[in-house]
Each structure stands twice: as structure tokens, then as C-alpha cells.
1. Can you find a residue that is touching a helix residue (DSSP H, G or I) at 6+ places or on another chain (Cβ under 8 Å) and more than 22 Å from GLY151 (Cα to Cα) anywhere in the stretch 67-77?
2. Among the residues of the stretch 139-175, what is the count of those that are among the aliphatic types (A, V, I, L, M) and farther than 24 Å from GLU99 by Cβ?
3. Going by the conditions given, is TYR76 buried (at least 17 other Cβ atoms within 10 Å of the Cβ), more than 18 Å from the chain's Cα centre (by Cα) and either modelled with pLDDT of 95 or more or aliphatic (A, V, I, L, M) (or both)?
4. Considering the stretch 198-211 alone, what residues qualify as being in a loop (DSSP other than H, G, I, E, B) and buried (at least 24 other Cβ atoms within 10 Å of the Cβ)?
5. Six or more apart or on different chains, Cβ under 7 Å: which pairs go from a residue in the stretch 205-218 that's at positive phi to one that's buried (at least 16 other Cβ atoms within 10 Å of the Cβ)? Could you list them?
6. Quick one: how many residues across the stretch 168-188 are crowded, with 16+ Cβ neighbours inside 10 Å, more than 14 Å from the ligand (Cβ to nearest atom) and closer than 17 Å to ARG210 by Cα?
7. Within the stretch 136-178, how many residues are of a type in the set (S, T, N, Q) and farther than 22 Å from HIS68 by Cβ?
8. Any idea which of PHE155, PHE122 is within 22 Å of GLY205 (Cα to Cα), in contact with a strand residue (DSSP E or B) (Cβ under 8 Å, 6 or more places away or on another chain) and assigned to a loop (DSSP other than H, G, I, E, B)?
Amino acid sequence: MIKENLEKIRTTLPSGVTLVAVSKTKPVSDVQEAYDAGQRVFGENHALEMRDKHEALPKDIQWHFIGHLQTNKIKYIIPYVTLIHSIDSANLLEAVNKEAKKHDRVVDCLLQFHIAQEETKFGLDLDEARQLLDSEAFKQLENVRICGVMGMATFTDDMTQVRREFQHLHALFDTLKSEYFADQPSFKEISMGMSDDYPIAVEEGATLVRVGSKIFGARNYQVNGEH
Ligand SMILES: *Cc1c(COP(=O)(O)O)cnc(C)c1O
């Protein structure tokens, strides 16, 4: 089914939108099946799980980290991670920079924004993002590159609200682009949309959609930070 699911989703995505196949909690064999169907971009939300899958699977996979990242786990992902979607503090960004420097890498990152109504979701607001980007400490960071924004909508059936939250994230992207990144073509990513709402996210300008259960089937246990 994984192959069929992937093909169904791919036909609905415009070119320019990257499908991040969220394989968290799923076995290596499922990831391999998606890989064999041509998928190369995968998302994980636990550092050790991602490390283990990276070690077990083909090395041309692009691994995206999409979950809350603890600073003591950064070392497990930095040598190979393609994009970290979930930067939600200056401290985390500085810690990523420090580890990336050890590996002589520049690691691409997104700023995660809190766009949902729920209190529990991680993420910055616009003021916090400006504080981070204005800080002298940020300007010293040479081993991270901010490439855009990420957000998770409220867990609700109200698609009007979900759309509004995606529009909000797009507006945040536009604001930061004009204030800080106007001359940086690499600041171009809007990561939003999951299995239940990715078509709306695409309509609202997503460049990366993070789809798990629609590809791999329902997960049998809940993971922190997830609905
Ligand atoms: C689990 C997860 C997803 C994918 O969720 P599905 O509803 O299974 O598509 C997307 N983004 C983040 C941050 C997640 O934790």
C-alpha cells in the first residue's frame, strides 16, 4: 500500500512542493518500501530513531528532523541531517551551530512558529523570532542557515481555522523575508500541512508538506508533540 499511497499523494502535489514522508515509529522495512517507490525525503521526530534509520538505510536519503529537539540529542543527527524544521529558541540554534561546526557543516534550519490555538505546541511568535534574528549572538553563527518557517495547525475538523493558521504562517514568512532575508534566495521554505490538511497547506503556499499516516498507515502509539 505504501507505494500506492505515495503515488496518490504525489499526483496531487504541484511541482515545487516537496513531500516529506514522516516515518516516525514505523520500521526500517516501511521506509525501504517507500524508498523503493522513489521517495527520498523522510521526516523523523526522535533523534535516536533517526540515527538508527540513517545507519540502516541507503545514504542518499534526505533526513528531515521535524520534532522537538533536545540539545543533548543534537549530536545524533548533525552529521547527516538535511533540514531541521523545529528551531524554537536561540539556545537550540546556538547548540546546533556548535555541533555543526565540529562537523564542518552548515546545517539548514527552519524557525518553528506557534500558529495553533493549543497551548502545548512548541514554537516562536513573531517578536521572539525578531529578537533571535536581531541578536548579536545570531549574527555570529556561521554553521547554520535559516531557510524558512514551519508550523503545525490546531488539531480540529474546522478547516476554516486550519486555513487561517496556514495563512498566518505564510504572512510570518513574508514578514521575515522582507525584514531579514530579502537578499537570500535560500530563505524560501514554508513547512506546513500533515495527512489531514496538506491540500489546504499547498493552497496556502506550503513548499514542504509533512505526511505520515496517509503514506504509512496509522501509528499505533502517540509520540510527544503529536496530536
Ligand atoms: C507526526 C508529524 C507529522 C505527520 O503527521 P500525520 O498526521 O501522520 O501526517 C507532521 N509533522 C509533525 C511535526 C509531526 O510530528
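1. Yes, the conditions are met somewhere in the stretch 67-77.
2. 7
3. Values: buried (at least 17 other Cβ atoms within 10 Å of the Cβ): yes; more than 18 Å from the chain's Cα centre (by Cα): no; either modelled with pLDDT of 95 or more or aliphatic (A, V, I, L, M) (or both): yes.
No, not satisfied.
4. ALA206, the sole residue that qualifies.
5. Short answer, once both residue conditions are applied: GLY205/HIS170; GLY205/ILE190.
6. Residues flagged as crowded, with 16+ Cβ neighbours inside 10 Å, more than 14 Å from the ligand (Cβ to nearest atom) and closer than 17 Å to ARG210 by Cα within the stretch 168-188 amount to 1.
7. Total meeting the criteria: 6.
8. PHE122
The values are calculated or read from the model by the stated rules, or taken from the named source; none is laboratory data. These figures come from a predicted structure and were not determined experimentally. Please note: Cβ atoms are built from the backbone with ideal geometry, for glycine as well, and neighbour counts cover all protein chains shown.
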